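The structure appears below as structure tokens.
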Amino acid sequence: MTTPLLEVRDLATHFFTRAGVVKAVDGVSFSLRAGEVLGLVGESGSGKSITGFSLLGLIDAPGRIVSGSIRLMGQELVSQPQATLRGLRGRRIAMVFQDPAMTLNPVLSVKRQMMLALAAHERLSTSEAVRRCIAALERVGIPDPARRLESYPHEFSGGMRQRVALAIALLHSPAMIIADEPTTALDVSIQAQILAEMQQLVRETGTAMIWISHDLATVSALADRIAVMYAGRIVESGPTREVLAMPRHPYTRGLLDSLPSRAEPGQDLRQIPGATPSLLALPPGCPFAARCAAVREDCHQHAPPLMEQGGRSLRCNHPLLPWAEGAA
Amino acid sequence: MKRFLSEFAENRVALAAAIIVLAIVLLAICAPLVTPQDPYDLASLTLRDARRPPGYVGSKGYSHWLGTDAQGRDLFSAILYGLRISLQMGLVAGAIALTLGATIGTLAAYVGGRVEAFLMRLIDLQLSFPAVLLAFVLAALLGQGRGPLIAALVAAQYAYFARTAHGAAVAERQKDYVEAALSTPLPARLVVWRHILPNCLPPLLVVATVQVASAISLEATLSFLGVGLPPTEPSLGMLISNGFQYMLSGRYWISIYPGIALIILIVGINLVGDQIRDQLNPRLRR
Amino acid sequence: MNAIVSLRGVSKEFGRPATLWQRIGQATGWGEGPPILRALQEVDLSLMPGEALGLVGESGCGKSTLGRVVAGIHAPSRGTALVQGKAPMQGGRKATTRVQMVFQDPFASLDPRMRIGRTLAEGPRAHGLLRAGEEEAAIARWLEQVGLSADYAERFPHQMSGGQRQRVAIARALAMQPDVLVCDEPVASLDVSIQAQVINLFLRLRRELALSMLFISHDLAVVRHLCDRVAVMYLGRIVETGPAAQVYAAPRHPYTRALLESVPKLSVDGQPARIQPIRGELPSPLRPPPGCAFHARCPRAIPRCREERPTLQPISAAREVACHRPEDA
């Protein structure tokens, strides 16, 4: 087996706040092969976005990566100086945010921003750079890219702005894109357009992608593999189809059962009781125990260890389906 | 509240400033108990003790720590009594200006339309005049005394509060909870008093601390210029003004010590105000 | 049975009053008037007692404005909006409190400086629905109705989670003993697991209280789950209405179909579903296109769609559609 593009081991990112230590990411491990799409799913506060930021070295005080390793193409990123990470960001790893306003500067034209992004990592002639910008805009489905290049961000609609952000992310043909809820703020029809283009882009360019989302449906449409996060940990991961068809963790099952699209109209949904625990004071044992439908006595004392087998991983003391030799 | 205080205490400078301001306020309140002399009691003044340097032991047998002024007043006592007047003026004027300005600003924001446009343009017009000039003209017209002085200070300052209250109220008015209150529907009076106004208070309080400081310095300026309080009740500004003519003859203390007291008070209040502003500003919060 | 809410030809426009220059321009014919946002155009809609009506559409289609007209927050620019035969906000106290609203963002819709108990009691107290001395018991009852314990009355909103706050917002609306509940995206800002809890709460309240509900959402699955009937909006107009089951199973308006097909489906087995997006973007409500507003994006458009605007016409027993070439049943 070839070395994966990205290998994350026991990553822990903690925030040292006035109220105490917030263990936003606590022992996350996963890997990503070239051209693969990983869907990182979880509710707010599950640590999915912080995981993404950690990969880019974008954790600000009072937060800090306290342990673990992030290897990109064999190169260790944790404990690298910011300058090295800055060299990687945009060139090798790019990020797309939920709100394109986070990446687009409102007072600069799209052309200027794209040219600046190009100049940050490459030396190109002006005409060559313009050609690259137009090609990037074309690739994300912006009509009449040569003309739109001169526009300012506010002249684009929300969906088009997100496309521009995506085009900037694609400029250097990065090996990996981290997309944090990129379609959440968009309308259904625009989300569908972008999802369809993403499906095509990933296939054509072979860019690996981490798609962070709370929406299981969009993830299922895009991701080869899925990782479900809860309270700072990945509780279950594996090939998307397998995980969704045969969830082994009660939380994954609970999420699927909560979806109104999977229930008979008008019938009560099978809800997960309670709310996500505060990351400040996680109980001992399994953090999901208090809400779990399949909880047993020992769950409150023993934190489930990480089990890995055949491309699937699980953190559960009492899986819904047997987790044994050859289970997957 | 507890968290607010502990967070406040983390900024050492602001904490020191708060302690100093509190100490000054306490000293000013307790002035009759801690001062050796009542500077307003003209009978107790002796011209023999006038213009004596700091440390001079006067005819009454006690030492004048900070010297005496041209009338033979003990400067330490005069400064504390002066602070009393300055603080009184500043706080009363600040409170009235806050009430008046907040009412105008919130009402303008709530009513909207032409009333809002008219009121706010009026405020803008006033803000474009120097406050000192306006207060000076008013104080000169109204004559000496506490009432006229407070009126002048309020007139010079309410516009800042109105501006701030208006800005905050416009922002609050568009929020969902106000819309929820309107759709219930609650009477307009309740919406303004119970919902919009309380949520506009934090920015107003920040402005208030700064404005109290500026009211004190404005009062000192007016007194220095001779349009403030009568000379029988010397505030800090008047003490500075009185001592000014002796500066060149080497009797620096008559002006300098009241001046230092004034500076410490104003800088102290401003530091406290800055810290409160930083803490209330969610954008600066981590 | 008479409709509890009925809208007849309701239009709502937002615009600034013309500036001097714009007025001169208009008068001389050299310039344009001030831009007018046509949020709602000639909307006819009725809500029956006990019915849950879902209002779906994309952002800017006017669904929130429609909800606010029903709740009496906005008065219609033209047309009539009647609640039990009276105009809300003009029909006296009775009619005004009959409709209550739940907003999307529970972090914004509760006054951050007011304790929960006071927030709940405020409306009933202002309208004399609460006798002196009853308050505490009533607050406990309202909280219990939405699944919260009585001690939440002493809390401030920032001490609660999003789901709990949304329950409080629902309790506040119910405390006014309304006949109609207008819910504007009430679960959109909640997490998936919390969403399910709040949806279940709505289902229970409907069963227990016989409420009429206008449920505004961009989430088609949630509307399908909660509502009996659905109205699809596009650019300020209703383009299709009908029983939810029928509309979802066999949409007649091409936009409804396109919208339904845009939603990514959770595929648990087999290949990921191919998403079929609608072409193009929503036109601006400042300059709605002539004819059918959807014609530029419509795969079934004919020249007539560009020129003549289709009106909402009954197409079968309970269904209406505004289209020159509706899809086959």
Practice item. Check whether at least one residue in the stretch B:43-66 is over 16 Å from B:G237 (Cβ atoms), touching a residue at least 60 places away in the same chain (Cβ under 8 Å) and touching a Pro at 6+ places or on another chain (Cβ under 8 Å), and report yes or no. Key: yes
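Results for (1) at the interface with chain C (Cβ under 9 Å from one of its Cβ atoms); (2) surrounded by fewer than 23 Cβ atoms within 10 Å (Cβ to Cβ); (3) out of contact with any Pro (no Cβ under 9 Å at 6 or more places or on another chain), shown as yes or no for each residue.
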position	(1), (2), (3)
A:I177	no, no, yes
A:E181	no, yes, yes
A:A192	yes, no, no
A:E197	yes, yes, no
A:I210	no, no, yes
A:D215	yes, yes, no
Exercise for review: Show the residue pairs that are 6+ apart or on different chains and have beta-carbon atoms under 6 Å apart, the first residue being within the stretch A:11-33 and on the phi < 0 side of the Ramachandran plot, the second being of a type in the set (F, W, Y).
Suggested key: A:V22/A:F15; A:A24/A:F15
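Could you name every one of the strands (runs of 3 or more DSSP E) located completely within the stretch C:44-137 that has at least 1 residues being of a type in the set (G, A, S)?
Strands (runs of 3 or more DSSP E) meeting the threshold: C:52-56, C:78-83.
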Exercise for review: Considering only the stretch C:173-201, state which residues are buried (at least 22 other Cβ atoms within 10 Å of the Cβ), within 10 Å of chain A (Cβ to nearest Cβ) and in a loop (DSSP other than H, G, I, E, B).
Suggested key: C:V187, C:L190, C:D191
Review point. Could we say that A:R312 is more than 11 Å from every other protein chain (Cβ to nearest Cβ), surrounded by fewer than 21 Cβ atoms within 10 Å (Cβ to Cβ) and either over 22 Å from the mean Cα position of the chain (by Cα) or not aliphatic (A, V, I, L, M) (or both) here?
Key: yes
Exercise for review: Answer with yes or no whether A:G274 is more than 10 Å from chain C (Cβ to nearest Cβ), farther than 22 Å from C:K265 by Cβ, surrounded by fewer than 19 Cβ atoms within 10 Å (Cβ to Cβ) and free of Cβ contacts under 8 Å to residues at least 24 places away in the same chain.
Suggested key: no
Exercise for review: All but one of (1) of a type in the set (A, V, I, L, M, F, W, C); (2) at the interface with chain A (Cβ under 10 Å from one of its Cβ atoms); (3) on the phi > 0 side of the Ramachandran plot hold for C:L235, so report the exception by its number.
Suggested key: (2)
Practice item. From the list B:T164, B:T184, pick out the single residue that is among the hydroxyl-bearing types (S, T, Y) and modelled with pLDDT under 90. Key: B:T184
**Study point:** Of residues in the stretch A:114-156 being touching a helix residue (DSSP H, G or I) at 6+ places or on another chain (Cβ under 8 Å) and within 14 Å of chain C (Cβ to nearest Cβ), the one farthest from C:S284 (Cα to Cα)
**Key:** A:V140
Point to revise | Sole residue being touching a Ser or Thr at 6+ places or on another chain (Cβ under 8 Å) and over 30 Å from B:P54 (Cβ atoms), chosen from B:V272, B:V178, B:V191, B:V207 | key: B:V207
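Each row is one residue, and each column tells you yes or no for (1) more than 10 Å from chain A (Cβ to nearest Cβ); (2) in contact with a helix residue (DSSP H, G or I) (Cβ under 9 Å, 6 or more places away or on another chain); (3) surrounded by 14 or more Cβ atoms within 10 Å (Cβ to Cβ); (4) within 22 Å of C:V43 (Cα to Cα).
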{"residue": "C:V222", "(1), (2), (3), (4)": "no, yes, yes, no"}
{"residue": "C:L259", "(1), (2), (3), (4)": "no, yes, yes, yes"}
{"residue": "C:K265", "(1), (2), (3), (4)": "no, yes, yes, no"}
{"residue": "C:R287", "(1), (2), (3), (4)": "yes, no, no, yes"}
{"residue": "C:C292", "(1), (2), (3), (4)": "yes, yes, yes, yes"}
Exercise for review: Working carefully through the options A:R296, A:R241, find the one that is facing chain C (nearest Cβ under 7 Å), among the charged types (D, E, K, R) and within 19 Å of A:P319 (Cα to Cα).
Suggested key: A:R241
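The values are calculated or read from the model by the stated rules, or taken from the named source; none is laboratory data. Because the structure is a prediction, the values reported are computed rather than measured. Using ideal geometry, Cβ is built from the backbone for each residue, glycine included, and neighbour counts are taken over all protein chains shown.
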